[in-house]
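Student: If you scroll down you'll find the structure; I have some questions about it.
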Amino acid sequence: MNNKFILFVWLFVFFIAPLLLFSQPTGRLVSFQSPDQKLSVQFLKDQQGHIYYTFQADKKLLLQPSRLGLDMQGEPVYKSNQIRSVNKVWKPVWGKRSTVPDVYRELTLVFDLYTIKARLYNNGFAFRYENAEAEQELTQFHFADNFTAWYYKVEAHNIGPEKLKEAEGIRKPVMTIKADDYRYMAVHEAALESGEPLVLLSEKGTTLFRVPSKRAKAWRVIQYGRTPGELIDAHLLELLNPEPAAGTDFSWVKPGVAVWDWRINGAQVNGFTYEMSLPSWKRMVDFAAANGFPSLVLDANWYGPEFDKQSDPLKGGKVDQVHQLIAYGKQKGVGIWLYLNDVGGKAFPMEQTIRQYGSWGAIGVKYGFMSGNYEEKNKRTRLITRLCAENRLLVDFHDDPVHPYGQMRTWPNAVTREYCQAQLDAHRVFQPRTFVTAVFVNMLAGPLDMNNGTMEMTQQGRIDNPMPVPSTITAEAARTLITFSGATIIPDIPEYYNKHPELLRFISAEKMPWQESKTISGDIGEYIVMARKAADGNWLIAAATNETARTIKIPLSILGKGEYEALIIQDGTDADFRTNKESYLSATRVVNNNQTIEVKLAPGGGACILLQSKGPQ
């Protein structure tokens, strides 16, 4: 064979063909940096006019040239750009902390066909398309190496850890990525106004993910943290959502712990059988009032069988008992949530139903089993959230809801949703590793309703799902603090909480809104240690582990000056989520912010620490 021909083939295979298959961006349009100059984004174009971006953090390239743009006739022609700096403060009605810096640099890239708006914060990057109508976007996330990732998997244990090149097919956000021990990312969206919620399509054998869903009016977001805990503590999604309309009053929104009637059904104690009816509801209200819990959640079937189109959410079933309960709750200072199934929500006028619930004096709506595709669900979710706000009602969406995307900034009444596998809301339970994965994946999207806090671990006598809970009792209490939610819904009957006064004291101390939150340490799928400062100034710390026992030293540097009385509750020496769930030890000692507290976590276990100041801070 001719040597020249062989040389030509060699050159074609190794140099020319790759260029034909993968057009490389060659021209830089503009680059900009985060306010602290540690993150940078560069926008590029190739010879065909396609637009790309790269993302670099702490001097390491994390996203190599990744396609941007909308699927339109012709390629966009670059016209101009503008960069501005923003330095503000957001004071949420409630959230992970009372004051949130809103600091970023914003780039507006103007093309003839559309505009790309991008923002760089110190902990992430976001972009969206403006001024154009298109059915499909061309967005890609092309990671710079074969990183490790985890993904949301509806009401099941999340996918992962999975190497990017092993991913095949659709993956749902939140997508949490570990680049190395000091660099973590999360891919999600914010301010989804319209269109299909984000999904990601992997190309097996590569590190490339693209957006196959129909174009949405939303921010595409890449969060960044040097620890996985920094991802949890961030507010990037909320900050990308608009503030409430001028003049809107949300001062009536009161987050906090709520008791729940669904899991009490069938429990027997001291000759009394709990049911989902007025006598049991009153006992729950009394318990809530005695412990400072602001509300009781009524679940399905109070107005008739929830999936029966004839069940009238205003007139059916136990509606007379509900009126009595709301009045009784007002006497005790406890608000009442009302469940509404999508069947009743659609069979009867939604506006009238929600308006009536507000006029009755209810404080919230738990909305279940919404039907339709995710685009339809998002429209309906936004409608119900707005209607609830107009009638001063909190709202909680269950049963495969649309993922949260920071809407609690615009609508502070959107306090939680079941964007996770909840512990006791279906005919199954989850294992310890599921919890310590979900907090680093699902919880990045927003507040979760996970139903932790069981005190009777066998669940004997319960009508719906009498399955033992695979956890320790200490871990169950710890999870109520770790899980971020504006309505921390605990599932058990009063007698079992009263049986464990130290754990009840810890849960009762979870007074919101939080002044501060800090993920002290953690490892995805392994363990987490969370600290939160309550509305009354007390600090609470909670730890939870997977199926592996571990000893953790917790620094107290979060505390102010002075001495604190520490109530320390940890698993007993013989505790194990498989064999001895209810063994725990409690002790009290005086500590300060220069000290550490060592706790031992049993397999599937946890620890709870309540810190109360003994003097001026």
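Student: Would you give the gap between the C-alpha center of region 478-492 and the C-alpha center of region 44-89, rounded to a whole Å?
Tutor: One Cα centre to the other: 40 Å.
Student: Another one. Multiply the residue separation of Lys60 and Glu106 by 0.36 nm, subtract the distance between their alpha-carbon atoms, and state the gained length in nm to one decimal.
Tutor: Gain on stretching Lys60 to Glu106: 14.4 nm.
Student: Then there is this: How high is the relative contact order of the chain, given as a whole-number percent (alpha carbon pairs under 8 Å, six or more residues apart)?
Tutor: Rounded, it is 10 percent for the chain.
Student: According to a simple spin-label model (label point 7 Å from Cα along Cα-to-Cβ), what is the distance in nm between Trp90 and Ala535?
Tutor: 2.1
Student: While we're on this one: In percent, how large is the relative contact order of region 258-510, given Cα pairs closer than 8 Å and 6 or more residues apart?
Tutor: It rounds to 18 percent for region 258-510.
Student: For the Cα atoms of the chain, what angle does the longest principal axis make with the long axis of helix 350-360, in degrees from 0 to 90, nearest 10?
Tutor: For 350-360 against the chain, the angle is about 40 degrees.
Student: With θ taken as phi - 60° and the coefficients 6.51, -1.76 and 1.60, list the Karplus ³J(HN,Hα) couplings across region 262-270 in order, rounded to whole Hz; mark glycine and proline as x.
Tutor: Each residue of region 262-270 in turn: 5, 8, 6, 4, x, 5, 10, 7, 6 Hz.
Student: Where Lys and Arg each count +1 and Asp and Glu each count -1, what net charge lies around Pro25 among other residues with Cβ under 10 Å from its Cβ?
Tutor: +2
Student: Turning to a different aspect of this structure: Go through (i) 26.2, 88; (ii) 25.8, 97; (iii) 24.6, 89 and flag the label whose value is the computed Rg and Dmax of the Cα atoms in Å for this structure.
Tutor: Checking each listed value against the structure points to (ii).
Student: If each residue of separation counts as 0.36 nm, what is the full-extension length gain between Arg428 and Lys614 once their alpha-carbon separation is subtracted?
Tutor: Result: 62.6 nm gained on full extension.
Student: Mind jotting down a quarter of the surface of the convex hull over the alpha carbons of region 258-510, in square nanometres, one decimal?
Tutor: That works out to 12.4 nm².
Student: Amide H to amide H under 5 Å from Ile554: which residues, 5+ apart in sequence or cross-chain, H placed 1.01 Å off N in plane?
Tutor: Sorted by chain and number, the residues that satisfy this are Ile597, Glu598, Val599.
Student: May I pose another question? Full-extension gain between Lys330 and Gln82, please, as 0.36 nm times their residue separation minus the C-alpha to C-alpha distance.
Tutor: Gain in length upon complete extension: 83.9 nm.
Student: Return the long-range amide H neighbours of Gly124 (sequence gap of 5 or more, or a different chain), with a cut-off of under 5 Å between placed amide H atoms.
Tutor: Tyr224
Student: So how do 583-589, 526-532 stack up, highest first, on mean other-Cβ count within 10 Å?
Tutor: Highest mean packing first, the order is 526-532, 583-589.
Student: I've got another one for you. What Kirkwood hydrodynamic radius do you get for region 470-617 when you take the inverse of the mean 1/r over all pairs of distinct Cα atoms, in Å?
Tutor: Hydrodynamic radius (Kirkwood, Cα only) of region 470-617 equals 15.2 Å.
Student: Restricting attention to region 268-334, which trypsin sites (Lys or Arg not before Pro) occupy a DSSP loop and are surrounded by at most 14 other Cβ atoms within 10 Å?
Tutor: Listed in order of number, the matching sites are Lys309, Lys315.
Student: I would also like to ask the following. Under the rule a/c < 1.5 gives rounded, and otherwise a/b versus b/c splits prolate from oblate, where does region 25-239 land using the Cα gyration tensor?
Tutor: rounded
Where a number appears in this text, it was derived from the coordinates with a stated rule and is not lab data. Predicted model only: the values in this text are computed from it and were never measured. Methodologically, a virtual Cβ is constructed for each residue, glycine included, from the backbone with ideal geometry; neighbour enumeration extends over all protein chains shown.
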